[in-house]
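Laboratory data are not the source of any read-out in this text; all were calculated from the coordinates shown. These figures come from a predicted structure and were not determined experimentally. Reconstructed Cβ throughout: ideal geometry from the backbone, glycine too, with neighbour counts over all protein chains shown.
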Amino acid sequence: MQKQVEYSEAMKTKYPEQVVIAIAKDKNGKANPVTLGWTMTASGKPAMLAIAVAAGHYSTGCIRHSKCFSLAFPSSEQGEAALFFGSRSGRDIDKLAEFDCAAEPAEKIDSVLLSDAVANFECELESETVVGDHVIFVGRVVCSHINTEAKKRLYTIGPGHKLGPVS
Ligand SMILES: Cc1cc2nc3c(=O)[nH]c(=O)nc-3n(C[C@H](O)[C@H](O)[C@H](O)COP(=O)(O)O)c2cc1C
């Protein structure tokens, strides 16, 4: 049986939700990481990943400018980094300079990878669609990486950006 409730009430049932960190460079070459929960696999062949970024976020301009982004699956040990990258704006600070988080250059796009993430994907911007207050960016995966150590992924496990692993 179902009962009708407000949208916000029903959406509280969505957890756990995967967490990703997208990174794109701004026009000055600063790599700007942003934490995102709204993401999906958008195509299998060719492989494409999609992210929904608020229209006003600094990252939106970075992705539009560089026409590519890397997408990291942060590990369960990277919760603090995910909260930092997801609460501060690249408009005000250099997030990767201020938060001690190992990064390395991407192989095929002009961005960086998070060295301690579970996996990283290099994406060339395929399309963008403005949807309400967000922009859905679809990236074609041109290179994929996994960590040489076994690590668990990071999820949002409850409202209020409560982050952790899922067993
Ligand atoms: C766990 C978590 C999930 C988030 N998911 C999204 C998301 O899916 N889309 C989005 O636009 N912002 C999301 N945010 C908020 C942005 O990461 C945050 O506003 C960030 O500071 C924007 O940075 P920027 O201005 O450098 O782009 C999320 C934040 C956290 C902590």
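Summarising the amide proton neighbourhood of residue 103: residues at separation of 5 or more, or on other chains, whose placed amide H is nearer than 5 Å comprise 115. May I ask you to list the chymotrypsin sites (Phe, Trp or Tyr not before Pro) in the stretch 61-167 that are in a DSSP loop and have at most 16 other Cβ atoms within 10 Å of their Cβ? Those satisfying the criteria are 99. The alpha-carbon of residue 14 sits under 19 angstrom from the alpha-carbons of these aspartates and glutamates, leaving out residues fewer than 8 places away in its chain: 6. Quarter the surface of the alpha carbon convex hull of the chain and you get the mean projected area, 11.0 square nanometres.
Set the bar at 31 Å for Cα to Cα. Now go through 12/67; 27/162; 12/45; 12/152 and name every pair that lies beyond it. Could the numbers behind the result be given before it?
On the way: 12/67 34 Å; 27/162 33 Å; 12/45 33 Å; 12/152 23 Å.
Going by Cα-Cα distance, 12/67; 27/162; 12/45 fall outside the 31 Å limit.
With neighbour counts taken as other beta-carbon atoms within 10 Å, the residues 101, 123 rank, fewest first, as 101, 123.
Return the calculated 222 nm mean residue ellipticity for the chain, to the nearest 500 deg cm²/dmol, obtained by summing -39500 (n - 2.57) across DSSP H runs with n ≥ 4 and dividing by the residue count. Don't jump to the answer; show the numbers that get you there.
On the way: 4 runs with 25 residues, N = 167.
Rounded to the nearest 500, it is -3500 deg cm²/dmol.
Going from the residue with the fewest nearby Cβ atoms within 10 Å to the one with the most, 21, 146 rank 146, 21.
Spatial offset of the stretch 143-161 relative to the stretch 1-73 amounts to 14 Å, using the alpha carbon center of each. Annotation: for a label point projected 7 angstrom from Cα along Cα→Cβ of residue 65, residues of the stretch 10-52 with backbone N closer than 19 Å are 22-35.
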